[in-house]
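Visitor: The structure is given below, and queries will be raised subsequently.
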Amino acid sequence: MSSSLIPDAAPTGNLEISVSRAELLRELTAAQSVVERKTTIPILSNFLFEANGETLTITATDLDQSLRTSCPAKVKKAGACTIPARKLYDYIKLLPEGEISIKLMDNHWVQIRAGRSNTKMVGMARANFPQVPEIPGGGLFKISAPALRNMISKTIFAISSEESRYTLNGALLVLKAESMAMVATDGHRLAHIEKHGETLEGVTGEKRTLIPRKALAELQSLLSNTDAEFIDFADDEQTLFFKVGGRVLTSRKLTGQFPNYEAVLPRDNTKFVIVRSEDLMGCIQRVAQFADERSGAIKMRLEQNELKLSAQSTDAGESEDIIETPYNYDPLVVGFNSSYLVDFLKATGVTGEVRLEFKDAQSAGQMRPEDGNEDVKYRYILMPMRI
């Protein structure tokens, strides 16, 4: 793309900085996951570098979401340039510790020097880099970082990956003055977690926000690499903004209505059994080896003081496993997708006990950790399968 017709935002040969490899690499690592691998728009494969004062700001975007982050730098000349993201990241990883100097040359080439290494990379015009939305000045909500991270890990796996059901391609965040909740569903199962005892200033009534799966995954990785106790959250008509430490993630909003999930939460699942998560996980994984490959269905049979799991397929054979546990209701046989059960047990960390609650063979089953944590209520609702 010839850029002679488009004036550059910063004169060529302008940006000149030096920066510590460790600090640069840390920010590139955070930003590179947003860069589109296979894009038809070449500029989106690049990082935008902007140097000013004593700071280097790095921006990556795929048009759906963007990440802006920064690190301290010695700025000899303020300016901006774009550098191929993947190539730069891979190259900086291979450099030894120390100072790296970065300088914009003619024709958008960027020179990178470190010790005895001297590299020139082919950049693109700064003017072609898309405008990234700015975080609004007001209307920020402070959300507990550990609480949000926990909620994402307990729900993200239940988000639908079917593109056609786009209102299910995200999780719903529900903020109230004293609580926050997150819920995700793919139509076959639903994960719902609610945390009480939060103080969310500025929330009146409730604020519902649908967060796309891609943004949740990015947010999850930002939250696992921060010491920040709180993050800032804001939104406008089109965009969600999350400020985690010095990093700002933006995401395009999902349009449409999330389904009325309250309607499917089971009310009268009165038959229940409590088992050790580890025992249940072991049984499911063993038995599931013999389940039908396409459906993954395993059968749960509840009888006097035992939970029997079984599966069979014409190709593999059959298997059953028994867990002894108090159960004094009518016998019950119900089928579930084994990998959906495993997802829940993995999310709870396979420690402690879980409670399995049933109504009958045709109704949704409900699973929840039996951990006595009054502040955090986590439940997982699973549609039965015909077996």
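The values are calculated or read from the model by the stated rules, or taken from the named source; none is laboratory data. Small disclaimer: the values here were computed from a predicted structure and weren't measured. Using ideal geometry, Cβ is built from the backbone for each residue, glycine included, and neighbour counts are taken over all protein chains shown. Calculation scope for accessible area: heavy atoms of the full protein, side chains included, ligands and nucleic acids excluded. Shrake-Rupley method; radii C 1.70, N 1.55, O 1.52, S 1.80 Å.
Visitor: Run through segment 215-315 and list the trypsin sites (Lys or Arg not before Pro) located in a DSSP loop whose Cβ has at most 14 other Cβ atoms within 10 Å. Let's see the in-between values first.
Guide: Details: sites: K243, R247, R252, K253, R267, K271, R276, R286, R294, K299, R301, K308; in loops: K253, R267, R294.
In loop regions of segment 215-315 (DSSP not H, G, I, E or B), the sparsely surrounded trypsin sites (Lys or Arg not before Pro) are R267, R294.
Visitor: Mind pulling the angle between the C-alpha long axis of helix 145-155 and the longest principal axis of the chain? Nearest 10 degrees, somewhere in 0 to 90.
Guide: The helix 145-155 is inclined about 50 degrees to the chain.
Visitor: Which residue, T119, S161, L280, has the largest displacement toward the positive end of the dipole of the chain when charges sit on each Cβ (Lys, Arg +1; Asp, Glu -1)?
Guide: Of the listed residues, the answer is T119.
Visitor: Here's something else I'd like to know. Keeping the other protein chains in place, figure out the carbon and sulfur percent of the accessible area of segment 16-128, with a 1.4 Å probe.
Guide: 51
Visitor: Still on this structure: Can you list which of the GluC sites (Glu not before Pro) found in segment 261-332 are DSSP loop residues with at most 14 other C-beta atoms within 10 Å?
Guide: Counting only loop positions with at most 14 other Cβ atoms within 10 Å, the GluC sites (Glu not before Pro) in segment 261-332 are E293.
Visitor: Among K253/K377; K253/K346; K346/K377, which pairs are too far apart, with a Cα-Cα distance over 23 Å?
Guide: Working: K253/K377 27 Å; K253/K346 29 Å; K346/K377 17 Å.
Distance filter (> 23 Å) returns K253/K377; K253/K346.
Visitor: If one puts a single equal scatterer on every Cα of segment 96-194 and applies the Debye formula without solvent, what log₁₀ I(q)/I(0) results at q = 0.10, 0.11, 0.22, 0.25 Å⁻¹?
Guide: -0.62, -0.69, -1.10, -1.28
Visitor: Tell me the relative contact order for segment 271-382 as a rounded percent, counting alpha carbon contacts under 8 Å between residues six or more apart. Working shown, then result.
Guide: Values: 229 pairs, mean separation 31.5, N = 112.
After rounding, I find 28 percent.
Visitor: Now for a separate question. Between 0 and 90 degrees, rounded to the nearest ten: what's the tilt of helix 338-348 against the longest Cα principal axis of the chain?
Guide: Orientation of helix 338-348: about 70 degrees from the principal axis.
Visitor: Using only the Cα atoms of segment 16-128, build the gyration tensor, take square roots of its eigenvalues as a ≥ b ≥ c, and label the shape rounded, prolate or oblate: rounded if a/c is under 1.5, else prolate if a/b is larger than b/c, else oblate.
Guide: Numbers: a/c = 1.42, a/b = 1.36, b/c = 1.04.
Rounded, because the longest to shortest axis ratio a/c is under 1.5.
Visitor: Given 5 Å bins starting at zero, what is the percent of C-alpha pairs of segment 128-169 in each, up to the one with the largest pair distance?
Guide: The calculated distribution, bin by bin, is 5, 15, 11, 13, 17, 24, 13, 2.
Visitor: What part of the accessible area of segment 271-382, given as a whole %, is carbon or sulfur when the probe is 1.4 angstrom? Mind showing how you got there, number by number?
Guide: Working: 2300 of 5670 Å².
That fraction is 41 percent.
Visitor: Additional query: Of the candidates G79, G170, G372, which one comes out as most mobile in a Gaussian network treatment of the chain with C-alpha springs shorter than 10 Å?
Guide: G372
Visitor: To two decimal places, what compactness ratio does segment 257-346 give when its Cα radius of gyration is scaled by 2.2 N^0.38 Å?
Guide: On the way: Rg = 14.4 Å, N = 90, 2.2 N^0.38 = 12.2 Å.
So the Cα radius of gyration is 1.19 times the expected 2.2 N^0.38 Å.
Visitor: A further question follows. Within segment 219-258, what whole-number % of the accessible surface is contributed by carbon and sulfur, with the 1.4 Å probe and all protein chains included in the calculation? Mind showing how you got there, number by number?
Guide: Values: 780 of 1980 Å².
Result for segment 219-258: 40 percent of the exposed heavy-atom area is carbon or sulfur.
Visitor: What shape does segment 208-247 have by the C-alpha gyration tensor, where a ≥ b ≥ c are the square roots of the eigenvalues, rounded means a/c under 1.5, and otherwise prolate means a/b greater than b/c and oblate the rest? Please list the in-between numbers first.
Guide: Numbers: a/c = 2.39, a/b = 1.48, b/c = 1.62.
The shape class here is oblate.
Visitor: For the chain, what relative contact order do you get, as a whole percent, if you take Cα pairs closer than 8 Å and at least 6 residues apart?
Guide: Values: 871 pairs, mean separation 48.4, N = 387.
Taking the mean separation of contacting Cα pairs over the length of the chain, I get 13 percent.
Visitor: Let me ask you something else. Summing -39500 (n - 2.57) over the DSSP H runs of n ≥ 4 in the chain and dividing by its residue number, what mean residue ellipticity at 222 nm do you reach, to the nearest 500 deg cm²/dmol?
Guide: Details: 6 runs with 67 residues, N = 387.
Taking each H run of at least 4 residues, the total per residue is -5500 deg cm²/dmol.
Visitor: Given the convex hull of the Cα atoms of segment 141-252, what is a quarter of its surface area in nm²?
Guide: Values: hull surface 26.8 nm².
Average projection, Cα convex hull of segment 141-252: 6.7 nm².
Visitor: May I ask you to give the average projected area over all directions of the convex hull of the Cα atoms of segment 238-387, in nm² rounded to one decimal? Numbers along the way, then the final one.
Guide: Numbers: hull surface 48.3 nm².
The directionally averaged projection comes out at 12.1 nm².
Visitor: Per residue, how large is the accessible surface of the chain? Use a 1.4 angstrom probe and give square angstrom.
Guide: Values: 19070 Å² over 387 residues.
Heavy-atom SASA per residue in the chain reads 49 Å².
Visitor: On a 0 to 90° scale, report how tilted helix 213-223 is relative to the longest principal axis of the chain, with both axes built from alpha carbons and the result rounded to the nearest 10.
Guide: On a 0 to 90 degree scale, this one is about 70.
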